[in-house]
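Structure first, then comments.
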Amino acid sequence: MKITKVKDGCPIKFETEKITEEQLQNEYDFYMAESLICMLFKEDKISEDELRKISALNRQKFSPKLSELMS
């Protein structure tokens, strides 16, 4: 798939990389883990500091690429 990005009125074309089944599973697992820790934070079961630490560990473990777009 070719993507065209427009920057300052000038189109920039580049190729995208295909996502593997394993990467897709990692994205899903990361999303589910983040949903769980956010729920725990909202229920005051973990602190904001713990939330950040766990989220950092999740990013290391699952290596999500799509989540960077959603942050």
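The values are calculated or read from the model by the stated rules, or taken from the named source; none is laboratory data. What you see is a predicted model; the values in this text were computed from it and never measured. Cβ: placed from backbone, ideal geometry, glycine included. Neighbour counts: every protein chain shown.
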### Message
Can you say whether Glu50 is surrounded by 11 or more Cβ atoms within 10 Å (Cβ to Cβ), at pLDDT 65 or above and in contact with a Pro (Cβ under 6 Å, 6 or more places away or on another chain), as far as the supplied structure shows?
### Response
no
### Query
Which one of the conditions (1) under 14 Å from the mean Cα position of the chain (by Cα); (2) buried (at least 16 other Cβ atoms within 10 Å of the Cβ); (3) not charged (D, E, K, R) does Gln25 fail to meet, given that it meets all the rest?
(2)
### Query
When Ser63 is evaluated against the numbered criteria (1) at pLDDT 90 or above; (2) touching a helix residue (DSSP H, G or I) at 6+ places or on another chain (Cβ under 7 Å); (3) among the small types (Gly, Ala, Ser), which criterion, by number, is the only one it fails?
(1)
### Hits in region 30-65 - residues which are among the polar types (S, T, N, Q) and over 21 Å from Thr20 (Cβ atoms)
Ser35, Ser47, Ser55
